[in-house]
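What follows is one structure encoded as structure tokens, with my remarks underneath.
The values are calculated or read from the model by the stated rules, or taken from the named source; none is laboratory data. As the structure is a prediction and not an experimental result, all values here were calculated from the model. Backbone-built Cβ (ideal geometry, glycine too); neighbour counts: all protein chains shown. Only protein heavy atoms, including side chains, enter the accessible area calculation; ligands, DNA and RNA are left aside. Shrake-Rupley method; radii C 1.70, N 1.55, O 1.52, S 1.80 Å.
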Amino acid sequence: MRISDSLVLDLLHDSHKVTPEEIRALQEQQRTEKTSLQDVVLENNTLTEKDLTQLYAVKIDVPFVEITPRNLRKEVLNLIPEHIARQYNSVLFDVGQDGSKHLAMEDPDDVQAFNFLQKQLGSNIHVYIAMRSNILASLDQYRGNIGNELTEVIASEQSSAPAEEEVSEEEVAEDSPVAKTVNLIIEYAIKQGASDIHVEPREDFVSIRYRVDGQLRETNKLPKKVLAALVSRIKILSNLKIDERRMPQDGRFKVTLGSGQYALRVSTLPIADGEKVVMRILNESTKASTLQELGYWGSNLEHLENALTRPHGMILFTGPTGSGKSTSLFSILSRLNQPAVNISTIEDPVEYKIQGVNQVQVNPVAGMTFANGLRALLRQDPNIIMVGEIRDGETARLAIQAALTGHLVFSTLHTNNAATTLPRLLDMGIEPFLIASTVRAVVGQRLVRRLLPESMEAYTPDESTVKRIEAAFDLGDNPDTKKRIHALELQAKNSGIGADPELSTSEDTITKLWRISGEAGSSFRGRLGIYEVLPMSTAIQKLVISGASSEEIQDAAVKDGMVTMQTDGFIKSLRGQTTLEEIMRVTSER
């Protein structure tokens, strides 16, 4: 889809996300590079492809749709032959019960394309506009599944050499079957929205597993004989030592797929049946989300915003591995990243690269630990410091000192909730008065799977279900608690949480719940954060100085109005963004 420069200019103004100064800079870059304004906007991530397409959809009065490729039905897709769909960058993504055909096009203004497709499909066509990348990903569903493609590639490999033998250069060359296999594994993982790829040797085969929306699922099994060549090919891409099979190794490489660029962080590990490889996929084309887009709202958003406006102090993020702490920090640092501000980070590893931020990779072998790196950063005249993780007392003391001496410090810890973080710092040997005077806020978070709007349905729960939910979420028989939940849901609705115009609660009870209407595996897409933000109020400071337990701190924070992770998740499930089962799965401590 090509949008004229004048129309792109209108869309930039309509977005209310771009200042006049930024627009003038984009126009200057366009004149220098002699390209279209649309390309410059997308190249600089000023607006995402989705933002631009949505704004264009409103302008031409055509509904916008974002298709979930893996949910497309083959019988619907095949109503348009693949070569025609690719020629016109269009995809038929649904057929209604009344026979209505829902067609997504990259350019709905292409009259010739629409007339041709109308002859193919007949009448009763509803036209939508979709992102080019979304349509291309959907068109790939015409292809067979990964199992079929991998089988064909592996079948072309004539070698029957056992896995233990040395791997020849021909086996891992650019055009070899093994190289094609690695490319296919990565390509399918990206298209399925996987965050990690696991290549795991078993006794008789090699298991390929993807982690999608936090859940691991096996996608294929390969012959054991391809393991050595497969691992060697990945090592070549990652610039690792091919002949080192006894020690773990870490590397990184990049791939481009469609309009996106992806960094793959590679880790190898010798296990009993061979070398295991895990590849973490990071989308480098992704623009940092706002706090609201991440799922912050209400008092959680207010407390975090207040902490971010302070010129110095410490803000801590806590939660288990994979709870979205790095994503929250990426969002905040991208927002604070200005030419007048010096931001420095020490990370292990550097996951999200932020242009203009000085990011240091931990390297214990070379003596670059968190503590040593932090000492070096403090001599680099920083305004804002991010320490990837506080693991020991020395790092904690240095971070506290940095916060005391006029720096804004961000870091993470691994604790169950926000309240547990403060006693954890005490356990590391930090003086209570230092914690009370430097920590501005502690954010606890988890990730839950996000429900697809088309895969859920509302229902009225019976009395026994309501009682079970009230017991699970500690609502009890207290009328004030139920009124608070109702007030929070109303606030969440007004903050844009969930699309349902009606509430799921009254001041007395739960009137409506949401459940999955289709298959569980295809009813979720993407993940959603649930949060609790504990501000360092005067009451909390007194508790910290007196050496209070995490339970006492938690109770005091809730009394002050803190919305806990479980309550935040409960409200989001009432608004139809996820399920109650998801919230219980990630927050239940019983």
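With all protein chains kept in place, the per residue accessible area of segment 365-472 amounts to 42 square angstrom at a probe of 1.4 angstrom. Label-to-label distance for ALA471 and SER506 is 2.4 nm, based on points extended 7 Å past Cα in the beta-carbon direction. Checking every one of the GluC sites (Glu not before Pro) in segment 501-575 against DSSP loop status and a limit of 12 other Cβ atoms within 10 Å picks out GLU502, GLU507, GLU519.
Peptides 559-568, 442-451 ordered by packing proxy, namely the average of other Cβ atoms within 10 Å per residue, highest first: 442-451, 559-568. Pairs LYS287/LYS559; LYS191/LYS276; LYS276/LYS353; LYS101/LYS353: which exceed 32 Å Cα-Cα? Result: LYS287/LYS559; LYS101/LYS353 exceed 32 Å. Each label was represented as a point 7 Å from its Cα along the Cα-to-Cβ direction; for GLU581 and ASN78 these points are 3.1 nm apart. With the cut-off at 1.5 for a/c, could you classify segment 58-97 from its C-alpha gyration tensor as rounded, prolate or oblate? Oblate shape, in that a/c is at least 1.5 and b/c is the bigger or equal ratio.
Put a dot 7 Å past the Cα of LYS559, heading toward its Cβ, do the same for LEU336, and the two dots end up 3.2 nm apart. Packing-based ranking of 122-132, 461-471, 400-410 yields 400-410, 122-132, 461-471, ordered from highest to lowest mean Cβ neighbour count within 10 Å. The overall shape of segment 325-392 is oblate: from the C-alpha gyration tensor, with semi-axes ordered a ≥ b ≥ c, the ratio a/c is 1.5 or greater and a/b is no larger than b/c. Calculated from the alpha-carbon coordinates, segment 471-561 shows an Rg and a Dmax of 17.4, 52 Å respectively. When the charge dipole of the chain is built from unit charges on Cβ atoms (+1 for Lys and Arg, -1 for Asp and Glu) and taken about the Cα centre, the candidate among LEU240, THR318, SER506 whose Cα reaches farthest toward its positive end is THR318. Length, then width, then depth: along the principal axes, the Cα atoms of segment 1-156 run 53, 44, 24 Å. Once the 1.4 Å probe is applied to the protein heavy atoms, segment 1-85 comes out at 55 Å² accessible per residue. The length gained on full extension between GLN112 and ARG379, counted as 0.36 nm times the residue separation minus their Cα-Cα distance, comes to 89.8 nm. Within the straight-line cut-off of under 12 Å between alpha carbons, the aspartates and glutamates reachable from LYS325 are GLU351, GLU389, sequence neighbours fewer than 8 places apart in one chain being disregarded. Mean residue ellipticity at 222 nm, helices only, the chain: -11500 deg cm²/dmol; runs of at least 4 DSSP H residues each add -39,500 (n - 2.57), and the sum is divided by the number of residues. Each part reduced to its alpha carbon centroid, segment 190-264 and segment 1-64 end up 37 Å apart. When the Cα atoms of segment 180-327 are aligned to their principal axes, the ranges along those axes come out at 57, 32, 25 Å in descending order.
To put it simply, the accessible area of the chain at a 1.4 Å probe is 48 percent carbon and sulfur. Name the shape class, rounded, prolate or oblate, that the alpha-carbon gyration tensor gives for segment 551-590, where a ≥ b ≥ c are the square roots of its eigenvalues, rounded holds for a/c under 1.5, and otherwise prolate holds if a/b is larger than b/c and oblate otherwise. Taking the square roots of the gyration eigenvalues as a ≥ b ≥ c, segment 551-590 is oblate. Rg/Rh for the chain stands at 0.98; both radii use Cα atoms, and Rh follows the Kirkwood definition. Compared with the direct C-alpha span, the chain from SER100 to SER123 gains 7.5 nm at full extension, assuming 0.36 nm per residue.
Rolling a 1.4 angstrom probe over the protein heavy atoms with all chains in place gives segment 239-278 an accessible area of 60 Å² per residue. Charge tally for TYR459 (other residues, Cβ to Cβ under 12 Å; Lys, Arg +1; Asp, Glu -1): 0.
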